[in-house]
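Participant: Got a structure for you, written out below as structure tokens; questions coming shortly.
The values are calculated or read from the model by the stated rules, or taken from the named source; none is laboratory data. Note that this is a predicted model, so its numbers are computed, not measured. Backbone-built Cβ (ideal geometry, glycine too); neighbour counts: all protein chains shown. Side chains included, ligands, DNA and RNA excluded: accessible areas come from the protein's heavy atoms. Shrake-Rupley method; radii C 1.70, N 1.55, O 1.52, S 1.80 Å.
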Amino acid sequence: KEAKDTTITVTPVIPDFSHLLITEDRLFGIDNEDKKLHVSALKNPFLFYDNIEEPEDAWSMNISEPCTGITVWKDSIICFTENGGFRLLGYNAKNFGVRQLSLTGIKNNYEKSLCRVGDTLYYCSNKGVMRYSGGSDNNVFLPSIKVENIKKSATDGVFVYMLTDDRIWVYDTVTSLYWSEDNKNVWDIFNFGGEIYFALNSALHLANGK
């Protein structure tokens, strides 16, 4: 009998990520349901350790607590939980390593509060607004802000802007001073080109008022 050609299409299964980050030509993703951290193969965000025969450069690990945020910090990746976090170091599957960190952690569902000024991270925890630059994190003294009201944070490299329903709080990372302004229907804040923009109704406004 004459042989017939058969084409088989293999579609890789992409994990259902709760949080993800793309950096250094890799995708780092957290699957909170399966309690795993996945690192894709280099330059291929669709290949993961669990769905290729010889993963080589892809990698995965089990996590004990749900992740509440993920970011780049210096030469590593930091994954936050609600009660702590860990640091992922290394550049490929052969030398990835994990270091537990002494952190307060990011409050669940408050990953949008996370922002970075230089080598210092700012975020909302169950104990207030925190900052981390190595070692242990510590509280930023902002007694007038209720963490549960913060919807999102953004920074221009000096000031950290925190958006709530009725106020926009601004924290000066150089002087540690802070103040607030009325939130006049601002529903989003973000950094673009080093400037902070407010999304107000159907228009965008610079934080400096232009």
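Participant: For residues that are aliphatic (A, V, I, L, M) and either open to solvent by 20 Å² or more (accessible area, probe 1.4 Å) or out of contact with any helix residue (DSSP H, G or I) (no Cβ under 9 Å at 6 or more places or on another chain) (or both), scanning just the stretch 114-131, find the one that is farthest from L177 (Cα to Cα).
Facilitator: L114
Participant: List every residue pair whose Cβ atoms lie under 9 Å apart, where the two residues are 6 or more positions apart in sequence or sit on different chains, the first residue falls within the stretch 18-29 and is part of a loop (DSSP other than H, G, I, E, B), and the second residue, located anywhere, is acidic (D, E) and open to solvent by less than 90 Å² (accessible area, probe 1.4 Å).
Facilitator: S18/D31
Participant: I've got another one for you. If E111 satisfies all but one of (1) open to solvent by less than 70 Å² (accessible area, probe 1.4 Å); (2) among the acidic types (D, E); (3) under 22 Å from C67 (Cα atoms), what's the number of the condition it fails?
Facilitator: All conditions are met except number (1).
Participant: Could you figure out which of (1) surrounded by 14 or more Cβ atoms within 10 Å (Cβ to Cβ); (2) in contact with a Lys or Arg (Cβ under 7 Å, 6 or more places away or on another chain); (3) at pLDDT 85 or above isn't true of H38?
Facilitator: It is condition (2) that H38 fails.
Participant: Could you grab me the full set of residues in the stretch 69-90 that are free of Cβ contacts under 8 Å to residues at least 24 places away in the same chain and either surrounded by 19 or more Cβ atoms within 10 Å (Cβ to Cβ) or under 16 Å from L20 (Cβ atoms) (or both)?
Facilitator: Answer for the stretch 69-90, where residues must be free of Cβ contacts under 8 Å to residues at least 24 places away in the same chain and either surrounded by 19 or more Cβ atoms within 10 Å (Cβ to Cβ) or under 16 Å from L20 (Cβ atoms) (or both): G85, F86.
Participant: Out of all the residues in the stretch 132-151, which are within 22 Å of F190 (Cβ to Cβ), open to solvent by less than 70 Å² (accessible area, probe 1.4 Å) and at pLDDT below 95?
Facilitator: V140, L142, I145, V147, I150
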